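Asker: Sharing a structure with you now.
The values are calculated or read from the model by the stated rules, or taken from the named source; none is laboratory data. In this text the structure is predicted, and so the values were computed from the model without any measurement. Cβ placement follows ideal geometry from the backbone for every residue including glycine, while neighbour counts extend to all protein chains displayed. Quick note on the areas: whole protein, heavy atoms, side chains included, nothing else; ligands and nucleic acids left out. Shrake-Rupley method; radii C 1.70, N 1.55, O 1.52, S 1.80 Å.
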Amino acid sequence: MARSSFRSAKRRSAFLGAVSLVVGTLVAFGGSAPASAEPWGAVTFPVASPVAPNPAFGQQYGALRPGGRTHLGSDYLKPVNTQVLAIAAGTVITANSSGCGGFVQIQHAGGLRSGYLHLQSPSISVGTYVAAGAVIGHVGNHNNHGTCSSVDHVHLTVSLNGVSTDPHAFLVSGGATPIAPSSAPRIIAPGDWDGDSFSDLFLITGSSMYLYRGDGAGGWLNNGSGALIGTDFNLFKRVIAPGDFNGDGHPDVIAIANDGKLYLYPSNGAGAFTGSSLIGSDWQSFTTVIAPGDFSGDGKPDLLAVAANGNLWLYPGSGTGGFGAASVVGSGWNGFASLVAPGDFNGDGKADVIGILPNGNMYLYTGNGASGWTATSVPIGSGWQGFREVVGSRDFTGDGTQDLFGATPSGDLWLYNGSGVGTFSGNSQVGWGW
């Protein structure tokens with residue numbers, strides 16, 4: 001877990017630099033990414049880094065069992081607590097436990113059904129919609145499964161229109177690709193997550209998400225210790241914090257799965273999630289997605305997404321957890337190594353965007369409050385290529401201006417104080433191990 005520092009670190013000089021402007025033009029909304037040829041969509045293996053079911057284990061599909069029955073599944077040998085993943089998008093129809101361990105069934109589109117046995121007691125609920133690759137359980141201990149199992153593994157079954165089929169062969173023929181959990185730590189700035197009026201941070205490390213509570217003055221509560229608030233967010237391609245996206249007065253989180261599904265995770269305003277819901281699809285083609293706040297000027301938080309061709313798309317939030325019609329608001333944005341959503345960084349009351357080039361030069365792009373930009377960009381820094389990631393932190397210091405965090409590859413966390421007029425007023429190290 002990361003450690004957050006109250007100690008004042010040696011100040012470093014402010015960043016300076018310059019860059020040419022990237023300008024975009026407004027055009028009509030275009031198409032979406034192509035869908036899978038099969039009705040159930042993309043498929044993946046039920047565990048990360050899988051190997052083919054081991055014939056020496058005697059559990060290959062069709063193997064004879066006592067009493068003349070055959071083994072109608074594929075067994076993937078994995079240690080206890082290994083994450084078990086949905087092979088395709090669908091709805092959980094069974095989630096229970098028996099003498100053979102936890103059992104989950106998922107109904108997918110096109111008559112496809114999958115089952116997962118020898119799990120720990122399931123924590124997922126019947127009726128939950130899951131994406132391909134979403135965590136639906138964990139491998140259980142075979143010693144708790146009586147004569148059902150002699151080694152730790154997940155038993156996968158697949159049927160199509162009620163007819164059992166070889167799961168491993170089905171996945172291989174369907175072009176399944178293993179989903180590897182992200183190993184790099186990720187920092188997300190949700191604003192005031194726990195309702196105490198102070199800006200906070202999330203850290204995703206391993207399979208866990210931790211909440212680090214800010215004290216409203218550039219430091220941390222709880223002696224800088226993080227509190228576990230979620231698991232398995234490392235399986236998402238991206239996790240962003242859009243603010244109050246569903247209009248209930250509490251900040252939310254949006255997560256993008258590897259298959260492009262977009263999920264909303266609302267909060268209760270006191271530091272916990274209240275569930276999740278599917279709010280979009282076909283987002284896998286975007287190279288970057290950020291939450292700038294209210295970019296369109298209608299009082300509702302929006303998303304900005306960069307397509308592979310460099311077009312910047314605005315997805316205006318509806319204020320109730322959905323989107324209005326999308327439009328292109330820029331081009332050439334694929335030249336940036338990363339984009340940062342700092343909120344209103346120059347103090348004009350309108351949401352802005354910061355772009356960082358591969359050479360570390362940083363530019364401020366000021367929004368006009370009406371889904372567009374002011375005439376010019378402003379160079380505001382250089383040398384930012386040394387950071388693993390940079391995130392906008394809302395007002396972390398309590399001075400009424402927007403700030404940035406930068407995390408180095410070694411895990412040092414630096415706070416860059418915004419001046420309120422589009423520049424920085426200072427910086428200090430506020431954590432390590434991030």
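Asker: About its Cα centre, how strong a charge dipole does the stretch 342-434 have in debye, to the nearest 20, once Lys and Arg get +1 and Asp and Glu get -1 at the Cβ?
Answerer: It comes to approximately 160 debye.
Asker: For the stretch 114-214, what is the accessible area per residue in Å², given a 1.4 Å probe and the full set of protein chains?
Answerer: Accessible surface, normalised per residue, equals 39 Å².
Asker: Please report, largest first and rounded to whole Å, the three semi-axes of the ellipsoid equivalent to the stretch 379-434, where each semi-axis is the square root of five times an eigenvalue of the C-alpha gyration tensor.
Answerer: The three semi-axes for the stretch 379-434 are 19, 13, 8 Å.
Asker: Same structure again: Quick one: with all protein chains in place, what share of the accessible area of the stretch 263-329 is carbon or sulfur, to the nearest percent (1.4 Å probe)?
Answerer: C and S fraction of accessible area: 50 percent.
Asker: Please state the equivalent ellipsoid semi-axes for the stretch 192-282: what are the square roots of 5 times the Cα gyration tensor eigenvalues, largest first, in whole Å?
Answerer: Each semi-axis is the square root of five times an eigenvalue, giving 23, 16, 10 Å.
Asker: Right, something else. Of the peptides 293-305, 403-415, how do they stack up when ordered by the mean number of other Cβ atoms within 10 Å, highest first?
Answerer: My ranking of the peptides, most packed first, is 293-305, 403-415.
Asker: Now a separate question. For the chain, max minus min Cα coordinate along each principal axis, in Å, sorted largest first?
Answerer: Per principal axis, max minus min of the Cα coordinates gives 78, 50, 39 Å.
Asker: Got a sec? Charge dipole of the stretch 138-293, +1 on Cβ for Lys and Arg, -1 for Asp and Glu; which of Trp193, Gly226, Pro167 is way out at the positive end?
Answerer: It is Pro167, whose Cα lies furthest towards the positive end.
Asker: Separate question: How long are the three semi-axes of the equivalent ellipsoid for the stretch 84-226, computed from the Cα gyration tensor as the root of 5 times each eigenvalue, in whole Å, largest first?
Answerer: 37, 18, 14
Asker: On average, how much accessible surface per residue is there in the stretch 302-349, in Å², for a 1.4 Å probe, leaving out ligands, DNA and RNA?
Answerer: On a per-residue basis, the stretch 302-349 sits at 30 Å².
Asker: Tell me which of Tyr210, Ala241, Thr157 sits at the most positive position along the dipole axis of the stretch 151-244, charges placed on C-beta atoms (Lys, Arg +1; Asp, Glu -1).
Answerer: Of the options given, the answer is Thr157.
Asker: With every protein chain in place, what's the accessible area of Arg213 (1.4 Å probe, Å², nearest 10)?
Answerer: Using a 1.4 Å probe on the heavy atoms, I get roughly 70 Å².
Asker: Please give the charge dipole size of the chain, origin at the Cα centre, charges +1 on K and R Cβ atoms and -1 on D and E Cβ atoms. Round to the nearest 20 debye.
Answerer: Value, rounded to 20: 1020 debye.
Asker: Return the calculated 222 nm mean residue ellipticity for the chain, to the nearest 500 deg cm²/dmol, obtained by summing -39500 (n - 2.57) across DSSP H runs with n ≥ 4 and dividing by the residue count.
Answerer: Calculated at 222 nm, the ellipticity per residue is -500 deg cm²/dmol.
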